[in-house]
Amino acid sequence: MTMFDEAHYRWKGDPDDGTYELQFDRFELNKAVLLIVDREIDDIVGQVVLPADDVPGIEPDDSGGGAILHGVVEDEEIIEMTYDPELTEQRRAELKDLQEQTRSSSDNNNESEN
């Protein structure tokens, strides 16, 4: 048994043992949904739903804040996870920049239509 006994997994295939990026996606009631990403192929290979209290780096009021963790998978289960505050902040900044660019582009298009 692992420390994440209440975890429920959905895999796209049989995952290899190793380290994966875990991206906090959303809350479902008192559970956290994390996307499991294989950075070598830059693709989502599964997801895990587990009690939010078991996930370091997220708070109940963090509605899709994009926390990034690293998880060690062994025998199709996460046996360890650690929060990466630096990568989380980097991704949040990138998302904010992208949103501002999109908003600016949309504003410019609206002005040219008038």
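The values are calculated or read from the model by the stated rules, or taken from the named source; none is laboratory data. Remember, predicted model here, so these are calculated numbers, not experimental data. All Cβ positions, glycine included, derive from the backbone under ideal geometry; neighbour counts span all protein chains shown.
So the values come out like this:
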| item | result |
| --- | --- |
| Spans of strands (runs of 3 or more DSSP E) in the range 1-108 with at least 3 residues more than 16 Å from the chain's Cα centre (by Cα) and on the phi > 0 side of the Ramachandran plot | none |
| Residue among GLY71, GLY66 that alone is in contact with a Phe, Trp or Tyr (Cβ under 8 Å, 6 or more places away or on another chain) and more than 18 Å from ARG10 (Cα to Cα) | GLY66 |
| Selection count where residues are closer than 15 Å to GLY71 by Cα, surrounded by 12 or more Cβ atoms within 10 Å (Cβ to Cβ) and either touching a Lys or Arg at 6+ places or on another chain (Cβ under 6 Å) or not small (Gly, Ala, Ser) (or both), scope the range 26-45 | 8 |
| Any hit, the range 45-58, residues being farther than 19 Å from GLU80 by Cβ and at pLDDT 90 or above | no |
